Structures are given as C-alpha cells and as structure tokens.
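Q: Got a structure for you, questions after.
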Amino acid sequence: MRKFSLPWVLALAASAAGCSFAPDYQRPALPVAASFPAGEAYRYGEPSPGTQNQPAPDIGWRDFFGDPRLHKLIELALANNRDLRVSALRVQEAAAQYRIVRAGLFPTVDANASRSRTRTPLDLTSSSQAISNVYSVGLGAAAWELDFWGRVRSLKSQALAQYLATAQARKAAEISLVSQVADQYLAMLAYDEQLEVTRKTLAAAQSSYKLAKLQFDVGAGSELDLREAQGVVEQAEANLSVQTRLRAQAENALVLVVGSALPDDLPAPLGLDDQSILADIPAGLPSDLLTRRPDIIQAEETLLAANANIGAARAAFFPKISLTGQFGTASPTLDGLFKSGSAAWSFAPQISLPIFDAGSNLANLDIAHLEKNVAIAQYEKAIQTAFREVSDGLAARGTYDSQIDAQKRFAASQQRRLDLSNLLYKNGAASYLTVLTAQNDLYAAQQALITARMQRLTNLVDLYQYLGGGWIEHTGDAPRPADAPARPVVATH
C-alpha cells in the first residue's frame with residue numbers, strides 16, 4: 001500500500017483549492033422601468049445654486065441644509081443616537097463572525113504538555129516495572145479540513161457577504177438618521193408657526209368677544225352673537241392647548257432621535273420660509289440606485305450570501321477529508337524529554353463519505369436554493385420600493401410649489417373676506433355668523449399653508465435620502481467606507 005506523506009497531501013489540497021460548487025452569480029434584471037415617470041406631476045425647475053448637477057450622494061449634508069441649528073442637531077445625532085450605535089456594533093459583530101469562519105481555512109495549532117502515570121500488573125507487563133511514567137511536549141493540529149470541494153470557502157464567502165450587508169445596513173441607518181433629524185426639526189418649526197397663528201386668532205377672537213359683549217350689554221346686540229363670539233374664543237383656546245402639546249411632543253421626539261438633551265447654546269432657528277434646502281437634485285436613472293442606495297446594496301449582499309451557501313450545501317455531498325497530527329518529544333523521565341531519540345509524532349488523515357443521511361443533505365440543498373429565491377425576491381422588492389419612493393418624491397417636488405402658491409392666494413382671499421365681514425358686521429349689514437365663518441376659514445387656510453410648506457421641505461429631505469444622500473458631511477469629501485468606526489460621543493453639557 002502506498003504511503004502518503006504530509007507534503008504530498010498539502011500539495012494535493014493546494015491543487016484543489018480552486019474548486020467550488022457555488023453557482024456563478026448573475027445580478028437579477030432590473031424589475032422596474034428604465035427611467036422614472038414623466039408627466040404633469042414631474043415638472044422640474046432649474047438646478048439650485050451650488051448643486052452643479054451633482055447626484056445626491058456627492059452632496060454633503062452640511063451643503064444640502066442651510067440652517068446652522070440643524071447642522072448642530074445632525075452632528076449630535078450622528079454621535080449620540082443609540083440605534084445608530086447599535087448598527088455600528090452589529091458591523092463589528094459581523095466582522096468577528098467572518099473572522100471565525102475564515103479561520104476554518106487554516107489549521108489550528110496548539111502547544112501541549114502532559115504527564116501520565118500508569119500502574120500495570122506485573123503478570124501483564126513484559127518489564128519488571130509495574131508503574132510507568134510518560135512525559136510529552138509538542139505541537140498538535142486537530143481535524144483540519146482539506147477544502148477540496150470549497151465548502152469552507154463557500155462558508156467564508158457567505159460570512160463575508162453577510163458582513164458587507166450588515167455594513168450597508170449601518171450606512172442606510174445613518175443616512176436615514178440625517179433625514180429623521182431634519183424631518184422632526186421641520187415639524188417643530190411648523191408647530192411653532194401654527195402656534196403663532198393660533199395665538200393671533202385667539203387674540204382677534206377675544207377682541208370680537210369683547211365687542212359682542214359690549215353690544216349685548218347695551219342692548220345693541222343679540223345673545224346669539226355673544227355666544228357665537230364666545231365659542232370662537234373657546235375653540236381657539238382648545239386649539240392652542242392641542243398645538244402646545246404637539247409642539248412639546250415633537251421636541252421630545254427630536255431629543256430621542258438626537259440621543260441627548262438639546263444644548264442651550266444651539267444657534268437660533270430659522271423659519272420655514274428661511275430654510276435654504278437644496279431642490280432639484282438630479283434623479284438620474286433607476287439603475288443608478290443600485291450603487292447609490294445602501295439598502296439595495298445590502299439586499300444584493302444578502303443575495304450573494306445565499307448564493308455562496310448553495311456551494312457549501314453542494315459540497316456536503318462529497319467526501320470530507322481532515323488531518324490530525326502532532327509532533328514533539330516523549331520520554332519516561334522528565335530530564336529525557338529533549339535528549340536524542342525522544343522525538344515523537346503522529347499523523348492521522350481521515351476521510352468521511354456520506355452514504356446514508358435520510359435525505360438531510362438534499363434537504364439542506366433545497367433550503368439553500370429556496371433561501372436564494374427568497375433573497376432574489378427581496379432584492380427586487382428593495383429596488384421596486386426605492387423606485388416608488390423616488391418617483392413619489394419627484395411627483396411631490398414637481399407639484400408642491402404650485403400648491404403653495406395657490407394656498408397663499410387662498411389665505412390672502414380669506415383674510416380679505418374676514419376684513420370685509422368685520423366691516424359689514426360693525427355697520428350692521430351682516431350677522432356675526434358671517435364673521436365667524438370667515439374667521440374659521442382663514443384659520444384653516446393659514447394652518448394648511450404652514451403644513452404645505454413643511455411637507456414641501458420634508459419631501460426634499462426625504463428625496464435626498466431616497467437618492468442616497470446624507471452619508472458625507474461636506475461636498476467633495478471622500479466617502480467613508482460603510483464599515484467605518486462610529487463617531488465619538490459628543491457631550492451636550
């Protein structure tokens with residue numbers, strides 16, 4: 001029988017190193033149209049100054065937003081938000097898991113030393129010694145799998161893809177956080193403006209109530225007019241309480257997103273009309289999202305992991321060859337361990353061939369194929385979701401300006417209507433119900449205008465995120481890798 005030396009086995013393993021049963025990966029076809037929708041809702045204006053027709057990922061968030069207070073809030077959130085911190089830790093966890101799997105490609109070498117003492121009956125030993133001692137020192141490699149069929153390499157590729165997917169999930173979380181902070185900040189500004197409108201409405205209602213009461217007291221007005229005026233005051237006070245509560249809750253939500261209390265030395269806020277948020281960033285093509293959106297890249301890395309897992313499942317049908325060896329010295333006495341002739345070694349190759357496993361290997365392969373099909377569907381869904389989000393954002397960007405212009409004209413007309421109603425009422429030519437209706441309609445129009453302004457701005461923020469913007473701080477910065485370390489915590493006191 002031919003004897004196989006360790007160098008020969010290692011050479012054979014090296015010659016088989018390129019073998020892999022993982023399928024050749026092919027990116028699925030784009031499951032959406034080749035371009036974003038066009039039509040009346042998708043009218044684009046001229047590019048904003050400073051964009052230079054740059055795609056969203058190349059525009060830093062400090063350049064996209066113009067409010068210094070918002071800059072500081074985003075900076076604090078990137079350092080203190082707990083969800084983002086967990087995402088960064090998950091990346092480190094996935095990296096450690098990848099290193100564990102990759103270590104399977106190499107033998108594990110241990111140093112060991114032992115001493116055994118044995119008593120054997122004299123009638124069972126050929127020597128005159130009933131008690132024997134054995135001392136040994138050496139290096140050992142236990143059950144190192146020779147990866148002939150690429151099973152371990154497929155598992156390594158799977159772990160690597162999972163690590164990269166986790167890194168992209170962290171990147172997506174950071175981009176989303178920038179958008180969340182801006183959206184919540186804009187909501188707070190909107191509540192501030194709505195509170196101001198409500199206070200003015202309340203003050204006007206109180207003045208009208210005083211006039212109605214005076215007229216009622218002198219017999220020149222009816223109790224109906226008095227009660228209608230009183231109702232307007234009560235309703236305005238109720239609205240003030242509601243909006244005060246919502247404003248406080250909005251600030252609480254912002255504190256949660258930022259991850260710390262808001263510092264007292266923040267720059268003064270700008271109003272909604274003063275927010276210089278870039279508009280008309282070019283959308284590009286849907287195919288650009290494959291490289292710009294980290295959630296899509298994450299879904300593709302998950303698909304690559306499933307593809308590699310098929311290779312590992314296929315390799316399980318073939319023999320598994322492993323080596324166990326040890327080299328060192330052994331001696332019956334401690335002082336003889338390193339003397340000439342004390343060398344000791346053992347070499348034990350092992351092969352395991354699956355013959356009957358009740359179909360478990362075949363089931364594992366079926367599962368691997370099904371998981372890949374699931375990953376394909378999830379990848380395609382991620383693209384379709386991104387396409388819908390960008391398309392909705394473009395439709396909103398193309399229509400909000402005209403909506404706000406019309407809303408402004410409507411609010412102005414309702415203000416004029418209220419002025420005329422008050423004039424007619426004071427001259428006895430109209431009932432107080434006319435004033436009441438005009439006042440309510442003006443209040444609703446002003447509230448709707450503020451809401452529309454906020455929605456326009458938040459849509460621009462969200463569209464920036466949907467197009468992949470928010471990862472770099474300044475335009476022109478080199479993008480950080482998706483697995484970059486988390487930012488240090490920023491103190492707020």
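No value in this document is a laboratory result; all are computed from the given coordinates. Remember, predicted model here, so these are calculated numbers, not experimental data. Every residue, glycine among them, receives a Cβ derived from its backbone with ideal geometry; neighbour counts consider all protein chains shown.
Q: So how tilted is helix 294-315 from the main axis of the chain? Cα-based, degrees 0 to 90, rounded to 10.
A: Around 20 degrees separate the two axes.
Q: Expressed in nm to one decimal, what extension gain is obtained for the pair Arg115 and Ala238 from 0.36 nm per residue of sequence separation less their Cα-Cα distance?
A: Residue separation times 0.36 nm, minus the Cα-Cα distance, leaves 35.6 nm.
Q: Just report the Cα centroid separation between region 63-83 and region 365-399, whole Å.
A: That distance is 29 Å.
Q: Can you give the net charge of the other residues whose Cβ lies under 15 Å from the Cβ of Leu30, counting K and R as +1 and D and E as -1?
A: Within the 15 Å Cβ shell, the charges total +2.
Q: What whole number of Å gives the distance from the Cα centroid of region 420-461 to the Cα centroid of region 175-200?
A: That distance is 21 Å.
Q: Treating only the Cα positions of the chain as identical point scatterers, give the base-10 log of I(q)/I(0) from the Debye formula at each q in 0.06, 0.09 Å⁻¹.
A: Values, matching the q order: -0.52, -0.84.
Q: Same structure, new question: Given charges of +1 on the Cβ of Lys and Arg and -1 on the Cβ of Asp and Glu, with all other atoms neutral, how large is the dipole of the chain about its Cα centre, in debye to the nearest 20?
A: It works out to roughly 1800 debye.
Q: Please give the direction-averaged projected area of the C-alpha convex hull for region 261-327, in square nanometres with one decimal.
A: The Cα convex hull of region 261-327, projected and averaged over all directions, gives 13.8 nm².
Q: I've got another one for you. Can you give me the distance in nm between label points at Ala38 and Ala96, each placed 7 Å from the Cα along the Cα-to-Cβ direction?
A: Taking the two extended label points, one gets 5.3 nm.
Q: Which value in Å does the Kirkwood hydrodynamic radius of region 138-272 take, with 1/r averaged over all unlike C-alpha pairs and then inverted?
A: By the Kirkwood definition, the hydrodynamic radius is 21.0 Å.
Q: For every other residue with a beta carbon closer than 11 angstrom to the beta carbon of Ala306, add +1 if it is Lys or Arg and -1 if Asp or Glu, then tell me the sum.
A: -2
Q: Which of the chymotrypsin sites (Phe, Trp or Tyr not before Pro) found in region 307-369 are in a DSSP loop and have at most 16 neighbouring Cβ atoms, other than their own, within 10 Å?
A: For chymotrypsin sites (Phe, Trp or Tyr not before Pro) across region 307-369 that sit outside H, G, I, E and B with at most 16 neighbouring Cβ atoms in 10 Å, the list reads Phe317, Phe338, Phe356.
Q: Another one. Under 19 Å Cα to Cα from Lys156, which aspartates and glutamates show up? Leave out anything in the same chain fewer than 8 places away.
A: Within the straight-line limit of under 19 Å, Lys156 reaches these aspartates and glutamates: Asp24, Glu93, Glu145, Asp147, Glu300, Glu301, Glu371, Asp483.
Q: Can I ask one more? I'd like to know which of Gln184, Leu214, Ala169 lies farthest towards the positive end of the charge dipole of region 160-224, counting +1 on Cβ of Lys and Arg and -1 on Cβ of Asp and Glu.
A: Going by the Cα projections, it comes out as Ala169.
Q: Compute the long axis of helix 151-217 from its Cα atoms, compare it with the longest principal axis of the Cα atoms of the chain, and write down the angle in degrees, 0 to 90, nearest 10.
A: Helix 151-217 sits at roughly 20 degrees to that axis.
Q: Going by alpha carbons, how many degrees (0 to 90, nearest 10) lie between the helix axis of 6-15 and the longest principal axis of the chain?
A: 40
Q: Another question, if that's okay. If each residue's Cβ is checked for other Cβ atoms within 10 Å, how do Glu145, Glu234 rank with the fewest at the top?
A: Neighbour counts put them in this order, fewest first: Glu234, Glu145.
Q: Now for a different question. Once every DSSP H run of n ≥ 4 in the chain is given -39500 (n - 2.57) and the sum is divided by its residues, what mean residue ellipticity at 222 nm do you get, rounded to the nearest 500 deg cm²/dmol?
A: -20500 deg cm²/dmol
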